[in-house]
Amino acid sequence: MLQALYVWRLPESVSRQPGAWASLRPTLHVPVQARRALWSVLPINTAVWALGGFFASLAPSLVRTATGSTSNLIGGATVAALTVTGALMIYTLRNRAADKVLCLGASLLPAGVVLILVAVHIASLPLFFLGTLVAGCGFGAGFLGAVRSLVPLALPHERAGLMSAFYALSYLAFCLPALLAGSLTRSFGLIATTDGYGAVLIVLAVGALPGLVRQRSVKVCSAEVG
């Protein structure tokens, strides 16, 4: 309710136009000028949301299986640690350049996942939480960098369609990999499935990093020439 009231009082950023009811019809549209950027941020954004989906669905069970802890509080705390750290990271980096934030996210997320996988295999709960905090920083930075890389590329009347497409891809990354992982645990077990899931996240994030660094270097060179 408070969020609805806050949104209602936000100042409108575009001029009013006829067709209010028609504007409520869902549309998915990626402007031509934003397509390249969307493809460049897609790997890290997919890794970010897939990590969130895994934690929301399987992290409490993973902690129980790996460490023997039966505390529901600890299981829930793992999810809170990821999301709260991500939110704090977003607030901290809100004024930083999008390309720097993306590179930071693509670096921290795989580092955190590596720590989590090590913690699972040595049954270390403190290391698991440390890895979650590091991954949470990558989680927040990756999401913020992706959004801030895309939004400025759309004209005011294109933003709704672009963000609809962005969130459609994001929520597919949030749910489909987690559902697949849940299914695979029946055949391979939770630990082995986590290893494979983590490896994919690392490949996505690390694989996106060279392109992001190259894109950042091009922007710096262009700014210097200008």
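The values are calculated or read from the model by the stated rules, or taken from the named source; none is laboratory data. Bear in mind the structure is a predicted one, so any value in this text is a computation, not a measurement. As a convention, Cβ positions derive from the backbone with ideal geometry for all residues, glycine included, and neighbour counts pool all protein chains shown.
Please pick out the residue among LEU73, LEU51, LEU62 that is part of a helix (DSSP H, G or I), out of contact with any helix residue (DSSP H, G or I) (no Cβ under 8 Å at 6 or more places or on another chain) and of a type outside the set (Val, Ile, Thr).
LEU73
Of the conditions (1) buried (at least 20 other Cβ atoms within 10 Å of the Cβ); (2) modelled with pLDDT of 95 or more; (3) not β-branched (Val, Ile, Thr), ALA111 clears all except one; give me its number.
Only one criterion in (1) buried (at least 20 other Cβ atoms within 10 Å of the Cβ); (2) modelled with pLDDT of 95 or more; (3) not β-branched (Val, Ile, Thr) is unmet by ALA111, namely (1).
Listed residues VAL225, VAL203; which is within 24 Å of ALA50 (Cβ to Cβ), surrounded by fewer than 14 Cβ atoms within 10 Å (Cβ to Cβ) and either among the β-branched types (Val, Ile, Thr) or at pLDDT below 95 (or both)?
VAL203
On the given criteria, is LEU130 over 14 Å from THR194 (Cα atoms) and either touching a strand residue (DSSP E or B) at 6+ places or on another chain (Cβ under 7 Å) or at pLDDT 95 or above (or both)?
Yes, satisfied.
Only one residue in LEU133, LEU150, LEU155 is of a type outside the set (Val, Ile, Thr) and in contact with a Ser or Thr (Cβ under 8 Å, 6 or more places away or on another chain), so which one is that?
From the options LEU133, LEU150, LEU155, the qualifying one is LEU133.
Looking at LEU176, LEU162, which one is at pLDDT 95 or above, assigned to a helix (DSSP H, G or I) and either closer than 30 Å to THR65 by Cβ or of a type outside the set (Ser, Thr, Tyr) (or both)?
When all the criteria are applied, what remains is LEU176.
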